[in-house]
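Just below is one structure, and these are the notes that go with it.
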Amino acid sequence: MFIEFLFDYLTLCIVHICGIIIWVMYMYYLFISNKPIDMTTFELTLNSVIEDEFDFVVYDAYSGHIETGFSISTFLKHQLTLINSDLGQSIKILGTPKLDDLSMYLLKHILKMNSPYHSLADAITISLIQNDEATKQLFLHYFDHVNKELIDSILSFVEHGSNVLLVSKLLYIHRNTMNQRISKFTDITNLDMRDVEHNQLVYLYRLLKDNTNLF
């Protein structure tokens, strides 16, 4: 039994840090510009500053995405303005854990947003403040594929500061059970609950779910 358990962990690329299970997963960085991008130069520029490998996918002359097995969000927040200056561009990037209708919808809208980089939670927040009904409806259904017990556990986890021990006590479950729910949630959604952007996304979902009339 232990060997099977260990094998599953190794196969799924899980590490255990500070009592919380973290999965190795992909991030997608959707990019768009209001004028044609020299894709070859843009990709070469990224290759020169990002040490690890990534996939570079082109949609058309104006947009595409970068696919990584690690987060480059912090790098983009600090360096995208400089990269745009070097390229003579105004590329905007949206960081998202998955390619779906919501992220593709928001990709077209980040051109109107001020900052060059936005996490999915940031872009959703701005759209909700602007009373964008399409964003609201898409986000309300973002976790429809997650069963109620699991999403309720994760929402409680986020609400109480991502404290496994505290939430386990509040839900009257064992700490290991809570960790298993976190890992299952990660498996289903590709959201790493130790990642700040992913955590903010779930917290924003809880706020919208509990206060739909405010937006």
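The values are calculated or read from the model by the stated rules, or taken from the named source; none is laboratory data. None of the values given here were measured: they were computed from a predicted structure. When we count neighbours, we look across all protein chains shown, and the Cβ atoms used for this are built from the backbone with ideal geometry, even at glycine.
Taken over the range 80-139, the criterion of being among the aliphatic types (A, V, I, L, M), surrounded by 18 or more Cβ atoms within 10 Å (Cβ to Cβ) and under 17 Å from the mean Cα position of the chain (by Cα) is satisfied by Ile93, Leu94, Leu102, Leu106, Leu107, Ile110, Leu120, Ala121, Ala123, Ile124, Ile126, Leu138.
Summed over the range 184-195, residues that are at pLDDT 90 or above and either more than 18 Å from Met27 (Cβ to Cβ) or among the aliphatic types (A, V, I, L, M) (or both) total 3.
Conditions (1) hydrophobic (A, V, I, L, M, F, W, C); (2) farther than 27 Å from Lys77 by Cα, marked per residue:
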| residue | (1), (2) |
| --- | --- |
| Leu138 | yes, no |
| Ile151 | yes, yes |
| Ser162 | no, no |
| Ser168 | no, yes |
| Arg175 | no, yes |
| Leu191 | yes, no |
| Arg194 | no, no |
| Asp210 | no, yes |
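Among Ile182, Ile188, which is the only one that is assigned to a helix (DSSP H, G or I) and crowded, with 17+ Cβ neighbours inside 10 Å? Going through Ile182, Ile188 in turn, just one is assigned to a helix (DSSP H, G or I) and crowded, with 17+ Cβ neighbours inside 10 Å: Ile182. All of (1) exposed (fewer than 15 other Cβ atoms within 10 Å of the Cβ); (2) over 13 Å from Phe31 (Cα atoms); (3) not assigned by TED's automatic domain parsing to the domain that holds Arg206 hold for Lys148 with one exception: (3). Summed over the range 35-74, residues that are aliphatic (A, V, I, L, M), surrounded by fewer than 13 Cβ atoms within 10 Å (Cβ to Cβ) and in a helix (DSSP H, G or I) total 2. Residue pairs whose Cβ atoms lie under 6 Å apart, separated by 6 or more positions or on different chains, with the first residue in the range 146-172 and touching a residue at least 24 places away in the same chain (Cβ under 8 Å) and outside any helix (DSSP H, G or I) and the second hydrophobic (A, V, I, L, M, F, W, C) and surrounded by fewer than 18 Cβ atoms within 10 Å (Cβ to Cβ), are Val146/Ile188.
All conditions but one from (1) farther than 28 Å from Glu67 by Cα; (2) under 17 Å from the mean Cα position of the chain (by Cα); (3) of a type outside the set (D, E, K, R) apply to Ile188; the one that does not is (1). Is at least one residue of the range 118-140 of a type in the set (A, V, I, L, M) and farther than 30 Å from Asn84 by Cβ? Yes - at least one qualifying residue is present in the range 118-140.
Scanning the range 164-196 for residues that are in contact with a helix residue (DSSP H, G or I) (Cβ under 6 Å, 6 or more places away or on another chain) and among the charged types (D, E, K, R) yields a total of 3. Filtering Gly95, Gly69, Gly19 for residues that are at pLDDT below 95 and in contact with a helix residue (DSSP H, G or I) (Cβ under 6 Å, 6 or more places away or on another chain) leaves a single hit, Gly19. Residues in the range 26-51 that are under 21 Å from Leu107 (Cα atoms) and of a type in the set (A, V, I, L, M, F, W, C): Met27, Leu30, Phe31, Ile32, Ile37, Met39, Phe42, Leu46.
For the range 109-137, the tally of residues that are in a helix (DSSP H, G or I) and either in the same structural domain as Leu207 (by TED's automatic domain parsing) or of a type outside the set (S, T, N, Q) (or both) stands at 15.
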